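K.L.:
There's a structure below that I have some questions on.
The values are calculated or read from the model by the stated rules, or taken from the named source; none is laboratory data. From a predicted model like this one, the values you see are computed outputs, not experimental measurements. All Cβ positions, even for glycine, are placed from backbone atoms using ideal geometry, and neighbour counts span all protein chains on display. Quick note on the areas: whole protein, heavy atoms, side chains included, nothing else; ligands and nucleic acids left out. Shrake-Rupley method; radii C 1.70, N 1.55, O 1.52, S 1.80 Å.
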Amino acid sequence: MKDSLNTVVRSLIFVALALALCAVVFQFAGYNAPVMLWAVLDGAFLRSGAIEQSLRWALPLFITAVGVSISFRAGFFNIGAQGQFYVGAICAAFAAEVFKGGPALLVIPALLISGMAGGALWALWPGLLRLRSGTDEVITTLMGNFLAGLLLVYVTSGPLKDPSGSGQQASSRPLDAAYRLSNSPGLSPTIIAIAVIVGIAIWLLVNRTAFGVLASLAGRNGTMVEWQGARLWKLGLSSFLISGALAGLAGTIEFMGPNGRIASGFLPAHGFTAILIALVANLSVVGTAVASIFFGGLASAALYLPIMAGLPAAAIDIINAAIALFITARSKL
């Protein structure tokens, strides 16, 4: 755990450098850099309710990011977390229509399982293409994101369309209150418990099972794994399925929690931010938890920047891009 935290601390130094670079850029663009940095800190952690709002964004990011870390550990670059996130939410929304009116104790687990199954299936086909045909998984999973985005537009404009919607954005019918995991602020003991269970389960999987050891070894030297008698394709396919299932679970939580419905194009950067979190944490589960809180804080601050610093909320995307640049450079230093 100490090594994981040390890795995160080193990564956060590069994050600080990225923030400093952004401050310089914004200062030359005519904005007040000190006010911008204070607005990020205040909006993320200091103002009243900021911690709760940061956790609201951090928990789904953490669930997706630890899934991403599993596939990355095994040496398979699953860039399709965004698409798996969307498909998980879509499957949960269809399941909600099928089980509508049923008892909450049965329907809620059914929706969660449906979302995880949807995310896993959306990760299955690029995994099979990679392991059976040698197709580059970066390309196929990235394509999967666009396909899932189009599928989301289709279902929210067609089969799941809310007939009472305003027409400004296509969305599904709202989920019954009995099946919601939280209200609109998006934080609840249930969501916290799910995130904690996922974190503990993945930590045990990575550090206390043969799969975790062999998957990590496969990411460094696949030939060595085969010499040990393990089947590389099974490790790879399992890592894809776990990664997709967790991204689908995060999408389901967004559907059943703060949003209460799915809408076309919702949270378009979620999967990519989760990938960045996994890289910042150097694929460590503990580090991912810490990094998720930080990036959850940035997401919370995005709502605060226009008020405090006059910056558009898209400035957070610039900050994330700068962080990605520095974290990528870290591996070369």
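Yes/no matrix, rows are residues, columns are (1) within 20 Å of the chain's Cα centre (by Cα); (2) free of Cβ contacts under 8 Å to residues at least 24 places away in the same chain:
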| residue | (1), (2) |
| --- | --- |
| SER11 | yes, no |
| LEU21 | no, no |
| VAL24 | no, yes |
| PRO60 | yes, no |
| ARG73 | yes, no |
| ILE79 | yes, no |
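K.L.:
Can you tell me which of (1) of a type outside the set (D, E, K, R); (2) modelled with pLDDT of 80 or more; (3) open to solvent by less than 80 Å² (accessible area, probe 1.4 Å) is the one THR7 doesn't meet?
P.N.:
Against the list (1) of a type outside the set (D, E, K, R); (2) modelled with pLDDT of 80 or more; (3) open to solvent by less than 80 Å² (accessible area, probe 1.4 Å), THR7 comes up short only on (2).
K.L.:
How many of the residues making up region 107-162 are surrounded by fewer than 24 Cβ atoms within 10 Å (Cβ to Cβ), under 13 Å from GLY244 (Cβ atoms) and among the hydroxyl-bearing types (Ser, Thr, Tyr)?
P.N.:
Residues meeting the conditions: 1.
K.L.:
Would you point out the residue of region 26-58, among those that are among the polar types (S, T, N, Q) and surrounded by fewer than 15 Cβ atoms within 10 Å (Cβ to Cβ), that is nearest to the chain's Cα centre (by Cα)?
P.N.:
Only one residue tops the list, namely SER48.
K.L.:
Kindly indicate the residue of region 285-294 that is modelled with pLDDT under 90 and crowded, with 24+ Cβ neighbours inside 10 Å and also farthest from GLN84 (Cα to Cα) among those meeting that condition.
P.N.:
GLY287
K.L.:
If you don't mind, there's one more thing I want to ask. Consider region 241-266. How many of its residues are open to solvent by less than 10 Å² (accessible area, probe 1.4 Å) and polar (S, T, N, Q)?
P.N.:
Total satisfying the criteria: 2.
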